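Here the structure comes first, spelled out in structure tokens, and everything after it is commentary.
The values are calculated or read from the model by the stated rules, or taken from the named source; none is laboratory data. For clarity, every value in this text was computed on a predicted model and none was experimentally measured. Cβ placement follows ideal geometry from the backbone for every residue including glycine, while neighbour counts extend to all protein chains displayed. Ligands, DNA and RNA are excluded from the accessible area calculation, which covers all protein heavy atoms including side chains. Shrake-Rupley method; radii C 1.70, N 1.55, O 1.52, S 1.80 Å.
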Amino acid sequence: MSEELLGLSALAQADLVRGRRVGAEELARLYLGRIERENPRLNAFVTVLGEAALREARARDAAIARGRGDGDALFLGVPVGVKDLDLVRGAPARMGSAAYDWFWSPVDGPTASALRRAGFVITGKLATSELGALPVTEPDIHPPTRNPFCPDRSAGGSSGGSGAAIAGRLLPIAPGSDGAGSIRIPAAFCHLYGLKPSRGRLWGANARIDPHAITTVGPLARSVEDAAALLDALGGAGTVRAARAPGSFLDLCRRPISRLRVRFATNSPLGGPVDAPIAGAVRRVAETLATLGHHVEEGTVPGGSLDEFLPIWQRQLAQVPLFGEARLQPVTRWLRVEGRKHTAEKIAALHGALSARILAAFGDADLWLLPTVPQPAPMVGAFRHLGPEETFRAVAEYGAFTAMFNLTGQPAASLPMGLGTAGAPIGVQLAGRPGADGAVLAISREIEEALPWASVKPPV
């Protein structure tokens, strides 16, 4: 029964708890046991809140038994983790950094608060790269987070702990945050569905750190429906009734979608090579969408350079408040030092110009279909021999297709498309018009039904 439970969607697990066929405490113990066995190998969790999770689960079971409480909660009794950039009451918030090793939070942040309202049981904090700066999760404060499919490869970043935990069956679902691909890159590397919603749908970093709102929270999941429901929960629609209402993300993902204009491309905007199996997956999805009746045509992603985006990222990292700058990793310290050289006015002008160029290139398409990442997940430790700037320039290649949609605020999702080079997972990316999250979700679900991905599991 335990293996069957681990294979169920988060929504299905909640239904079992709601119907009293499985207890929330039973489900929490199942996942905590798996965390105890597998986390030393994967390093997905940085803090396990075992006793607190069991207390919370028992309280939910008691409320259900009394016929009171949160029986309508969308994810009733389902275990979840919170990325270590976010606050959970009574837990450390180290932000992936030795510079924060003293910090404990007395309160829940907005992510944890929304998760609790939706009925989740928080089992711990999930690994992230230092201050969320890199697309690999290898901070100095713990061993590198590893890919459940290929443990010698990265699980991605900065939401690498979220990706590794779901793919490794340590959790059924989890939120992440995305400032340049930090949800979509781990989703691609770990064979998951991950969505960055449109700017303004949910929250991200505070306005002082991120005045242009390029970062946002969003879901990583094994199915489109689970991801849509988590979007509803994070947005405050954390009950079954609210998630079934017209216009909810869950409702939108289930609606039939009219014929759309889809443009696909496989050339990297940074000019680097795209792995052949990844390019092949993009073409396979394009052919599937054409078969489903959509108008599909090939296009070209406009070229750009890392140096155009780099000042925006540097400035954002420079605004993060901290003590103990000397305790940062060299690459993070370099980003912050360089970021202080850029004025707010310069960054605002640069952000506006880049966004306008990208949106113009998007043209009259309803959706763009692209690789999520140009290459398979890198080997763990692949960048250790490089200096700070060289490290960032090397890892930034993995954000070649993702960062542009953070600049424009468009919704973008990574869809899992099987295994490619050396058994590493492949992801393709769908990006929609600003605000068209429903179209991205609905097309994602069409693709999920036409090209089922649930049967692909890591060898753990």
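Annotations for the structure displayed:
- Dividing the summed -39500 (n - 2.57) terms of all DSSP H runs of n ≥ 4 by the residue count of the chain sets its mean residue ellipticity at 222 nm at -11500 deg cm²/dmol.
- Cross-link reach is defined here as a Cα-Cα straight distance under 27 Å, omitting same-chain residues fewer than 8 places apart; for Lys196 the lysines meeting it are Lys83, Lys125, Lys346, Lys457.
- By average C-beta atoms within 10 angstrom, highest first, the peptides 314-321, 299-306: 314-321, 299-306
- Start at zero, step by 10 Å, and the Cα-Cα distances of segment 321-392 spread as 14, 26, 32, 25, 3 percent across the bins.
- Other residues within the sphere of radius under 14 Å centred on the Cβ of Pro459, judged by their own Cβ, net out at +3 (K and R +1, D and E -1).
- For segment 269-339, carbon and sulfur atoms together expose 57% of the accessible surface, with a 1.4 angstrom probe and every protein chain in place.
- Antiparallel content of DSSP bridges confined to the chain, in %, to 5: 70 percent
- Rounded Å value of the spacing that divides the Cα centres of segment 123-146 and segment 85-113: 14 Å
- Put simply, when 20-30, 386-396 are sorted by average Cβ atoms within 10 angstrom per residue, most first, you get 20-30, 386-396.
- Protection-proxy order for peptides 117-128, 367-378, 348-359, 231-242, each taking the mean of Cβ atoms within 10 Å per residue, highest first: 117-128, 367-378, 231-242, 348-359
- Charge sum, other residues only, whose C-beta stays under 13 Å from His351's C-beta, Lys/Arg counted +1 and Asp/Glu -1: +1
- Accessible area of segment 366-412 belonging to carbon and sulfur atoms, whole % at 1.4 Å probe: 56 percent
- The ellipsoid that matches the Cα gyration tensor of segment 276-325 has semi-axes, each √(5λ) in whole angstrom, of 40, 14, 11, with the longest given first.
- For segment 416-460 versus segment 58-77, the gap between their alpha-carbon centres in whole angstrom: 33 Å
- Charge sum, other residues only, whose C-beta stays under 12 Å from Arg89's C-beta, Lys/Arg counted +1 and Asp/Glu -1: -1
- Take the Kirkwood radius over Cα pairs of segment 94-152, plug it into Stokes-Einstein at 25 °C and 0.890 mPa s, and you get 184 µm²/s for translational diffusion.
- Simple rule: put +1 on each Lys or Arg Cβ and -1 on each Asp or Glu Cβ in the chain, find the dipole, and look at Pro416, Pro330, Ala112; the Cα lying farthest toward the positive end is Ala112.
- Segment 43-102 - percent of accessible surface contributed by carbon and sulfur, probe 1.4 Å: 53 percent
- Cα shape, segment 373-430, gyration tensor, a/c 1.5 rule: oblate
- Surface accessible to a 1.4 Å probe, per residue, for the residues of segment 193-275, Å²: 39 Å²
- Inter-part distance where segment 218-235 and segment 236-269 are each reduced to a Cα centre, Å: 11 Å
- Segment 153-285: C-alpha gyration tensor shape, a/c 1.5 cut-off, then a/b vs b/c: rounded
- Calculated accessible area for segment 28-118 comes out at 40 Å² per residue, all protein chains present (probe 1.4 Å; ligands, DNA, RNA ignored).
- 36 Å tail of the calculated P(r), the chain, as % of Cα pairs: 21 percent
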